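K.L.:
The structure under discussion is supplied below as structure tokens; questions concerning it will follow.
The values are calculated or read from the model by the stated rules, or taken from the named source; none is laboratory data. Given the structure is predicted, the values throughout are model-derived calculations rather than measurements. Every residue, glycine as well, gets a Cβ built from its backbone with ideal geometry; the counts of neighbours run over all protein chains shown. Areas reflect the complete protein model, heavy atoms only, side chains present, ligands, DNA and RNA absent. Shrake-Rupley method; radii C 1.70, N 1.55, O 1.52, S 1.80 Å.
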Amino acid sequence: MLPKYSFIVPIYNEEETIQEMYRRISQVMNRMDGEVELCLVNDGSRDRSLQMMRELHQKDPRVVYLSLARNFGHQIAVTAGLNFVRGKVIVILDADLQDPPELIPDMVEKWRQGYKIVYAQRIQRRQEGWFKRFTAYAFYRILKNLADVDIPTDTGDFCLLDRQVVDVLNAMPERNRYIRGLRAWVGFNQIAIKFERDPRFAGEVKYTFRKSLALAINGLVSFSKVPLQLSTYMGFFAALLSLFMCVMVLYWRLVQPHSSLTGMAIILMAIFFIGGVQLFSIGILGEYIGRIYEEVKQRPLYTLAEVAGFYEDYAERQKSMSMVDEK
Ligand code: UDP
Ligand code: MG
């Protein structure tokens, strides 16, 4: 029989949190009103995570897992999970227990009321540094203002999705997967549940500043064309400024014909300014062109090294895509 609920947990070097994560989630699983599968996705961990996942699968058949052939990143790991799970109701949560699994029954309650997407919105981030808090705060507000779709602020990937939504997400061909954006884009009845984000249970943050920045740029570029228009605005501004400079240079020539120093400074300034604007615009173009390049290459989103616990035909379906070793 197919499970009613599927929980997806992406795992990247989480050996310190897996036991506790399993303990807390299985308590919630025991209280659910239907069969649950816990889908762990190993995102190319280099520690004992995969070994521990195998052991959990042996011990508890409700635990199923996928193992990606290398580190593909959080969003792709979740995407792989979404491709494989079989439940009617799908919940995505982090391995480090920052997303409290005890919130799931409340989310399911909302689902029963007819919502297809229930996303958790944090009201507080406990024990995260000011830098992370500040950048996250600023980013979500910028994104909200620039994006074509209404992406709610302060929401992560912790959410409940109806099967209908997951089918739509799986059918989306795009390579740049900013799940919170895609989730907002699909529409349907959505509702927020507020929660306090707990500190990480153990281990270090797996999202380095670089990964977070890449995710942020991805979110912006995938869901907004405003950065592209920015070069138009800047070009316009530069043109206005150069007009103003022309007037100034004329003025100097007429009023102070012997001081060439200020004229020189202005010309240098103008060169640097225009140079800056041009490089910046080319950079923005590059971001979009890079993404077009990613899309046209049509590479698979991930390669699988190991799959366990799912039905045969699921593995069969993926076999055409990569090597699968069904355990
Ligand atoms: N993660 C992943 N691949 C990565 C980085 C992170 O699958 O390349 C997983 C990680 O194991 C955790 C979740 O994504 O379950 C969130 O990571 P983390 O707690 O480090 O980030 P944050 O809490 O800052 O969002
Ligand atoms: Mg975390």
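K.L.:
Using alpha carbons only, what's the Rg to Rh ratio of the chain with Rh from Kirkwood?
P.N.:
On the way: Rg = 24.8 Å, Rh = 22.2 Å.
With Rh from the inverse mean 1/r over Cα pairs, Rg/Rh is 1.12.
K.L.:
Which order do you get for R70, R62 if you rank them by accessible area with a 1.4 Å probe, largest at the top? All intermediate terms of the calculation are to be shown ahead of the outcome.
P.N.:
Working: R70 135, R62 70 Å².
Ranked list, largest accessible area first: R70, R62.
K.L.:
Now, a different point. Once ligands and nucleic acids are excluded and a 1.4 Å probe is used, how much of L228 is accessible, expressed in Å² to the nearest 10?
P.N.:
Counting only protein heavy atoms, the figure is 60 Å².
K.L.:
Also: Long-range amide H contacts for T303: which residues qualify at under 5 Å (H placed 1.01 Å from N, peptide plane, sequence gap of 5 or more or a different chain)?
P.N.:
A69, R70
K.L.:
So, one more: May I ask for the percentage of alpha-carbon pairs in the range 72-224 that lie more than 26 Å from each other?
P.N.:
Numbers: 2465 of 11628 pairs.
Here the long-distance tail beyond 26 Å is 21 percent of all Cα pairs in the range 72-224.
K.L.:
Put K225, K132 in order of accessible area, largest first, 1.4 Å probe: what do you get? Don't skip to the end; give the middle numbers.
P.N.:
On the way: K225 115, K132 75 Å².
Ranked list, largest accessible area first: K225, K132.
K.L.:
Between beta-carbons, use under 9 Å as the cut-off and find the net charge around L301, counting Lys and Arg +1, Asp and Glu -1.
P.N.:
Working: positive: R175, R177, R299; negative: none.
Result for the neighbourhood of L301: +3.
K.L.:
Under the rule of at least 5 residues apart or a separate chain, name every residue whose amide H is placed under 5 Å from the amide H of A202.
P.N.:
Correct list: empty.
K.L.:
Starting at the first residue of the range 11-24, write each ³J(HN,Hα) from the Karplus equation 6.51 cos²θ - 1.76 cosθ + 1.60 with θ = phi - 60°, in whole Hz, x for Gly and Pro.
P.N.:
10, 10, 6, 10, 4, 6, 9, 4, 4, 5, 4, 4, 4, 5
K.L.:
Determine the share of the range 63-163's accessible area contributed by carbon and sulfur atoms, expressed in whole percent, with a 1.4 angstrom probe.
P.N.:
On the way: 2000 of 3870 Å².
Taking all protein chains in place, the range 63-163 shows 52 percent carbon and sulfur surface.
K.L.:
With Cβ to Cβ distances under 14 Å as the rule, what net charge do the other residues near L103 carry (K, R +1; D, E -1)?
P.N.:
Result for the neighbourhood of L103: -2.
K.L.:
Next up: Treating cross-link reach as a plain straight distance, find the aspartates and glutamates whose alpha-carbon is under 14 Å from the alpha-carbon of K206, omitting any fewer than eight places away in the same chain.
P.N.:
Qualifying aspartates and glutamates at Cα under 14 Å: E14, E15, E16, D43, D47, D94, D96, E128.
K.L.:
On a straight-distance basis, which lysines could pair with K88 in a cross-link, Cα separation under 28 angstrom, same-chain partners fewer than 8 positions away excluded?
P.N.:
Partners within reach: K4, K59, K110, K116, K194, K319, K327.
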